[in-house]
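Student: Quick one: the structure is below, questions incoming.
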Amino acid sequence: MKLLVPVKRVIDYNVKVRVKSDNTGVETSNVKMSMNPFDEIAVEEAVRMREAGSADEIIAVSLGVQQCQETIRTALAMGADRGVHVKTDQELQPLAVAKLLKALVEKESPDLVILGKQAIDDDSNQTGQMLAALLDWPQGTFASGIELSDGKAKVIREVDGGLETIEINTPAVISTDLRLNEPRYASLPNIMKAKKKPIDEMSPEDLGVDIGPRLTTLKVEEPPKREAGVMVESVAELVDKLKNEAKVI
Amino acid sequence: MVNFMALDPETLQQLLDTVRRFVRERLVPLEAQVSEEDEVPGEIIEEMRELGLFGLSIPEEYGGLGLSMFEEVLTVQELGWTSPAFRSVFGTNVGIGSQGIVIDGTPEQKTYWLPKLASGETIASFALTEPEAGSDAGSLRTSARRDGDNYVLNGTKRYITNAPHAGIFTLMARTNPDEPGARGVSAFIVERDTPGLSVGKHDRKMGQQGAHTADVVLEDCVVPAGNIIGGTAGQGFKTAMKVLDRGRLHMGAISVGIAERLIDECVRYASERQQFGKPIGEFQLVQAMLADSRTEAYAARTMVADAATRFDAGENIATEAACCKYYATEMVGRVADRAVQIFGGAGYMAEYPIERFYRDVRLLRIYEGTSQIQQIVIARNMMRDAAQN
């Protein structure tokens, strides 16, 4: 079984993100970047599937600037077998990503695409679903458990108010949620060996995909600053404020 | 021996990022527990094995990473961000325990032992110090009497790091009783389960709880002559000195790492702690302490990087290595002392990590050559070089 794992290069989750002074986006120069944590979970799951014998090849894919290769290297160090880098300096929106991935799926014919449910930079939570729609494949989103059997995948989904278990046919698209697994640290010897694993490089044009944006970003702003609290004199006053000012009870 | 930089910049960065993440996510949260329980949890040791930390300095052909000295010090600086007790778990396999075999071992010794040391399957300790032979290591008394194809070892080794966990000891013993100085000493590989070898109980220490030291007692301990590192008797002290050169840079690097951690703690505390209506970091007397710590840590980082780069280029850096060990370990002592001062009462309390680091770093100025021995090495080398020119 062949697995395709898309991995996105995002601002590291430990970095305090700053908005650019002209409000066109966030500051990314001289900022530490790393793999989207949800994608890390996807890579881990893929590696576990291979370790369990249910998968035999893992292809890590990243789309975007040259440095995306570092993100692919991380996936290779964690255990992916080879990488594909679709190189472009243009901004990629979820639909463009889904189209590029569709083209790659047609090229590589994997049995499963496993990817993070969303990226921590734009929080779109769209790519997996769009990809499934474009491919007309079944999808299991927000997976916190995956069980593979012949031609099928049982997916436990984290939904509002509990867990939903579904069974879908493969090939399929599965998006990973936080509790699916705890990703490993790539071992230091594997980091060194990853350098020797191949990464194919191509352009969106090579795949015949139009990546033109469909959305325009008008403005990016910091969240409003938290205002200072007020001290209340009594429980009665607190209840009154919650009821009439905050309107939460 | 010339080592050129083995890794390209991206791979090195990824390696350092991984170590940094492991240290901050896995080790830092356990510092207080390890100090309290005097034990690094088994699963953490297993994770260190999986990560490859035991093999940092062992050549790739023997299953290690084969890092250059420059790469090793960068890695060790990352590891310095947490309690030095964690580093101790694999520190002797990276440094003094394994390097004798790496540098001077016979091909058979390397092939047999290095893969086990690189994977962490076997822990290696370095046994030089004795009750009567500390800084004056050349005067060691442990005897190795030739008996056919074997040597019979007798003596006591003291304060041996990782002795309770060691599978093998790189152990210095006197093979030539007529030669009282360093030339009569040989380095042996002694296996833990050799009859006649016993390890004493853990020493109780000022700091670095979780790292264990103990006495190693040898009573008619029979070791094959083939276990002499390199196969030739009388070379042991030379081997020990080569090992310690590299170890001095390692110690310099760990000092830099700890200093940077302490400075980070200090800056955060100085930004948050308010007195006289403003953060204490806005007072110039506190600022002076912060600036001194930062400056000295930077100086030490630069020294260690320079000496490591020159080591990799094949230069003799005996003097520079001593300078690094001397300056960096004294530096982190001052930084830790200022940290206690900046934290004030909180710096004296066990609830904050500062007092623990203050105790932990005290050892750095003592082991692997005291500051005074480093001063002597530096000055003697200076005088010798002057005489030769």
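Each value in this text was obtained by applying a stated rule to the coordinates, not by laboratory testing. Everything numeric in this text was worked out from a predicted model, so none of it was measured. Heads up, the Cβs are rebuilt from the backbone with ideal geometry, glycines too, and the neighbour counts pull from every protein chain shown.
Student: I'd like the Kirkwood hydrodynamic radius of segment A:195-245, using the inverse of the mean 1/r over distinct C-alpha pairs, in Å.
Tutor: So the Kirkwood estimate lands at 18.0 Å.
Student: By count of other Cβ within 10 Å, fewest leading, how are B:M349, B:M48 ordered?
Tutor: B:M349, B:M48
Student: Going down the list A:K225/A:K247; A:K8/A:K102; A:K16/A:K117, which pairs span over 18 Å between their C-alpha atoms?
Tutor: Among A:K225/A:K247; A:K8/A:K102; A:K16/A:K117, the Cα-Cα distance tops 18 Å for A:K225/A:K247; A:K16/A:K117.
Student: Once the other residues with Cβ under 14 Å from the Cβ of B:R359 are scored (Lys, Arg +1; Asp, Glu -1), what is the net sum?
Tutor: Result for the local shell: -1.
Student: A further question follows. Report the equivalent ellipsoid semi-axes for segment B:90-156 in whole Å, largest first, defined as the square roots of five times the eigenvalues of the gyration tensor built from alpha carbon atoms.
Tutor: For segment B:90-156, the ellipsoid semi-axes come out as 24, 17, 10 Å.
Student: Hey, another quick one. Taking the radius of gyration and the Kirkwood hydrodynamic radius from Cα positions alone, what is the Rg/Rh ratio for chain A, to two decimal places? Write out the running numbers ahead of the final one.
Tutor: Values: Rg = 20.9 Å, Rh = 19.7 Å.
Reported Rg/Rh, Kirkwood definition of Rh: 1.06.
Student: Still on this structure: Output needed for chain B: three equivalent-ellipsoid semi-axes, defined as square roots of 5 times the C-alpha gyration tensor eigenvalues, in descending order, whole Å.
Tutor: 36, 22, 21
Student: Mean shadow of segment A:135-183, computed from the convex hull of its alpha carbons, in nm²?
Tutor: On the way: hull surface 14.7 nm².
Average projection, Cα convex hull of segment A:135-183: 3.7 nm².
Student: So how long is each side of segment B:285-333 along the principal axes, counting just the alpha-carbon atoms, biggest first, in Å?
Tutor: Its Cα atoms span 44, 15, 10 Å along the three principal axes.
Student: Considering the convex hull of the alpha carbon atoms of segment B:146-240, report its projected area averaged over all viewing directions, in nm², one decimal.
Tutor: Taking a quarter of the hull surface, the average projection is 6.5 nm².
Student: How large, in Å, is segment B:211-280 by the Kirkwood hydrodynamic radius built from its alpha-carbon pairs?
Tutor: Mean inverse Cα-Cα distance, inverted, gives 17.2 Å.
Student: Right, next: Compactness ratio of segment A:20-151: Cα Rg over 2.2 N^0.38 Å, N = residue count?
Tutor: So segment A:20-151 has a normalised radius of gyration of 1.08.
Student: Using the alpha carbons of segment B:215-359, what is the convex hull volume per residue in cubic angstrom, as a whole number?
Tutor: Values: hull volume 19.7 nm³, N = 145.
Cα-based convex hull of segment B:215-359, divided per residue, equals 136 Å³.
Student: For segment B:260-312, what does the relative contact order come out to in percent, with C-alpha contacts under 8 Å and a separation of six or more?
Tutor: Details: 23 pairs, mean separation 15.3, N = 53.
After rounding, I find 29 percent.
Student: Where is the GNM fluctuation largest for chain A (alpha-carbon springs, 10 angstrom cutoff): A:Q69, A:Q139, A:Q126?
Tutor: Between A:Q69, A:Q139, A:Q126, it is A:Q126 that shows the largest mean-square fluctuation.
Student: Here's a follow-up. Using only the alpha-carbon atoms, what does segment A:78-161 span along each of its principal axes? Please give whole angstrom values in decreasing order.
Tutor: The Cα atoms of segment A:78-161 stretch 38, 30, 30 Å along the principal axes, largest first.
Student: Viscosity 0.890 mPa s, temperature 25 °C: Stokes-Einstein D of segment A:1-57 from its Kirkwood Cα radius, in µm² per second?
Tutor: For these conditions, the coefficient is 183 µm²/s.
Student: Once you have all Cα-Cα distances for the protein assembly as shown, histogram them in 10 Å bins from zero and send the whole-percent values.
Tutor: That works out to 3, 14, 20, 21, 18, 14, 7, 3, 1, 0, in percent per bin.
Student: Pairs on different chains or at least eight residues apart, Cα atoms closer than 23 Å: how many lysine pairs in chain B fit?
Tutor: The result is 10.
Student: Could you tell me, in Å, what Rg and Dmax come out for the Cα atoms of segment A:159-224?
Tutor: Rg then Dmax for segment A:159-224, in Å: 20.0, 47.
Student: Sticking with this one: Using the C-alpha atoms of segment B:52-110, what convex hull volume per residue, in cubic angstrom, is computed?
Tutor: Value for segment B:52-110: 72 Å³ per residue.
Student: Let me know the mean shielding of A:187-198 by other chains, meaning the per-residue number of their Cβ atoms within 10 Å of its Cβ.
Tutor: Rounded to a whole number, the mean comes out at 6.
Student: Can I ask one more? Check cross-link reach from A:K152 to the lysines: straight Cα distance under 18 Å, and skip same-chain residues fewer than eight apart.
Tutor: A:K2
Student: Give the average, rounded to an integer, of partner chain Cβ atoms located within 10 angstrom of each Cβ in B:11-20.
Tutor: The per-residue average across the peptide is 5.
Student: Would you list A:L163, A:L134 from fewest to most Cβ contacts within 10 Å?
Tutor: With the fewest neighbours first, A:L163, A:L134 line up as A:L163, A:L134.
Student: What share of Cα pairs, in percent, lie more than 27 angstrom apart in segment B:79-207?
Tutor: For segment B:79-207, the share of Cα pairs beyond 27 Å comes to 19 percent.
Student: Another question, then. Helix hunt in chain B: which complete DSSP H runs extend at least 30 Å axially by C-alpha with mean Kyte-Doolittle at least -1.0?
Tutor: B:236-272, B:284-312, B:318-343
Student: For the pair A:E201/B:M383, report the inter-label distance in nm, with labels modelled 7 Å from Cα in the Cβ direction.
Tutor: Taking the two extended label points, one gets 5.9 nm.
Student: Roughly what % of Cα-Cα distances in segment B:310-389 sit above 17 Å, to the whole percent?
Tutor: Values: 1803 of 3160 pairs.
For segment B:310-389, the share of Cα pairs beyond 17 Å comes to 57 percent.
Student: Given segment B:134-198 reduced to its alpha-carbon atoms as identical point scatterers, what log10 I(q)/I(0) does the Debye formula return at q = 0.29 Å⁻¹?
Tutor: Debye output, listed in q order: -1.44.
Student: Separation of segment B:202-234 and segment A:1-68 by C-alpha centroid, Å?
Tutor: Each part's Cα centre sits 47 Å from the other's.
Student: For segment A:126-190 and segment B:17-96, what is the separation of their Cα centres, given in Å?
Tutor: Answer, in whole Å: 34.
Student: Would you be so kind as to identify which of A:I166, A:N125, A:N190 lies farthest towards the positive end of the dipole of segment A:113-199, taking Lys and Arg as +1 and Asp and Glu as -1 on Cβ and the Cα centre as origin?
Tutor: Checked the options; the winner is A:N190.
Student: Between beta-carbons, use under 11 Å as the cut-off and find the net charge around A:I114, counting Lys and Arg +1, Asp and Glu -1.
Tutor: -2
Student: Which order results if B:H202, B:H212 are arranged by neighbouring Cβ count within 10 Å, fewest first? Working shown, then result.
Tutor: Values: B:H202 14, B:H212 24.
In increasing order of surrounding Cβ atoms, one gets B:H202, B:H212.
Student: Past the 19 angstrom mark, what percentage of all C-alpha to C-alpha distances in segment A:114-228 do you count? Before the final figure, lay out the partial values.
Tutor: On the way: 4332 of 6555 pairs.
Everything past 19 Å amounts to 66 percent.
Student: Follow-up. P(r) for segment A:1-95: what percent of alpha-carbon pairs falls in each 5 Å bin, starting at zero?
Tutor: Bins of 5 Å from zero give 3, 14, 22, 21, 17, 11, 6, 4, 2, 1, 0 percent of pairs.
Student: Moving on. Rounded to the nearest 20 debye, what is the charge dipole size of segment B:59-142 about its Cα centre when +1 sits on each Lys and Arg Cβ and -1 on each Asp and Glu Cβ?
Tutor: Dipole size: approximately 160 debye.
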